[in-house]
Amino acid sequence: MSPRLRVQNFSVTRDGIGAAEDQSLEQPMGSIDVGRLHAWAFATASFPGREDGGGTRGLDDRIVADFSRGIGAEIMGRNKFGPQRGPWTDHDWVGWWGEEPPFRTPVVVLTHHPRPELTLGETTFHFLDAPPAEALAVATELADGQDVRLGGGVRILLDFLAADLVDDLHLAVAPFEAGHGLRLWRSPKDLEGAFHHESVPSPSGVTHHFYWRD
């Protein structure tokens, strides 16, 4: 089976908002209520970094535990990596995740401004100025036969969806509305023309939407 491009565990509000537009160093996703948006994942036993031995089991936990299975590389937008715009003025900034990022694979960071390759722990970031198809070709080679995860943010997902490159998409719809921000869709039905679609409600209050191509 050929490697696939997958979107996993991407949370949006009931009105399709995935992040606010006022990103800052202190608020990587802007002023959106991140606690409510990702509560379903934070609460699970398998959420990365949990050390208390607790957390929920069931559907949400299984989805979180499956996050890295079969993934050989990730593609992300520059502003998932950090809050800077324009030319890189601070190469000391190495992302939101500290010395051991959670990816543990090659990561292609899409940016119009060159920056040297960066390795932290088991993760190497490759900074690339390229359209979606070219970026996917680079990430697929780096993935060495495994799938590529498309990590976001919202604008990156929209670009790759518009280019008809996404094979599998999992979106978790949180039970509240943001009113404004970076919008992925108006309705879950917006993507049905290009994908098979199943929705599964969770006891946590989110509804998981799974989209896939044959």
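The values are calculated or read from the model by the stated rules, or taken from the named source; none is laboratory data. A quick note: this is a predicted structure, and the numbers were derived from the prediction, not measured. Every residue, glycine as well, gets a Cβ built from its backbone with ideal geometry; the counts of neighbours run over all protein chains shown.
Table: residues versus (1) without any contact (Cβ under 8 Å) to a residue 40 or more places away in the chain; (2) more than 26 Å from Ala65 (Cα to Cα); (3) crowded, with 16+ Cβ neighbours inside 10 Å.
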position	(1), (2), (3)
Asp90	yes, yes, no
Pro116	yes, yes, no
Val138	yes, yes, yes
Asp159	yes, yes, yes
Val166	no, no, yes
Leu182	no, yes, yes
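Quick check: anything in the range 50-64 under 16 Å from the mean Cα position of the chain (by Cα) and either free of Cβ contacts under 8 Å to residues at least 24 places away in the same chain or at positive phi (or both)? Give the derivation first.
If we filter the range 50-64 for residues that are under 16 Å from the mean Cα position of the chain (by Cα), which is where we start, we get 63-64.
Adding the requirement that they be either free of Cβ contacts under 8 Å to residues at least 24 places away in the same chain or at positive phi (or both) leaves none.
Looking for residues that are under 16 Å from the mean Cα position of the chain (by Cα) and either free of Cβ contacts under 8 Å to residues at least 24 places away in the same chain or at positive phi (or both), one finds none in the range 50-64, hence no.
Quick one: which of Asn79, Asn9 is closer than 17 Å to Leu110 by Cα and either among the polar types (S, T, N, Q) or at pLDDT below 95 (or both)? Working first, answer last.
On the way: Asn9 fails: closer than 17 Å to Leu110 by Cα.
None of the other options fit; the residue is Asn79.
Which numbered condition trips up Ser199, out of (1) touching a residue at least 12 places away in the same chain (Cβ under 8 Å); (2) polar (S, T, N, Q); (3) surrounded by 12 or more Cβ atoms within 10 Å (Cβ to Cβ)?
(1)
Name every residue in the range 68-94 that is touching a strand residue (DSSP E or B) at 6+ places or on another chain (Cβ under 7 Å) and closer than 24 Å to Ala20 by Cα, in order of residue number. Explain how you work it out, then say what you get.
Initially, the range 68-94 is screened for residues touching a strand residue (DSSP E or B) at 6+ places or on another chain (Cβ under 7 Å), giving 70-78, 80-81, 94.
Those that are touching a strand residue (DSSP E or B) at 6+ places or on another chain (Cβ under 7 Å) and closer than 24 Å to Ala20 by Cα: Glu74, Ile75, Met76, Gly77, Arg78, Lys80, Phe81, Val94.
Taking only the range 1-47 into account, find how many residues are of a type in the set (Lys, Arg) and either under 16 Å from the mean Cα position of the chain (by Cα) or under 18 Å from Ile75 (Cβ atoms) (or both).
Pass one, the range 1-47, residues of a type in the set (Lys, Arg): 4, 6, 14, 36.
From what's left, either under 16 Å from the mean Cα position of the chain (by Cα) or under 18 Å from Ile75 (Cβ atoms) (or both): 4, 6.
Qualifying residue count, the range 1-47: 2.
Of all residues in the range 1-43, how many are in a helix (DSSP H, G or I) and within 19 Å of Asp66 (Cα to Cα)?
Going through the range 1-43 one residue at a time, the tally reaches 4.
For the range 196-212, what are the residues that are assigned to a loop (DSSP other than H, G, I, E, B) and either under 19 Å from the mean Cα position of the chain (by Cα) or at pLDDT below 95 (or both)? Please lay out each step first, then the result.
Pass one, the range 196-212, residues assigned to a loop (DSSP other than H, G, I, E, B): 202-206.
Matches in the range 196-212: Val206 only.
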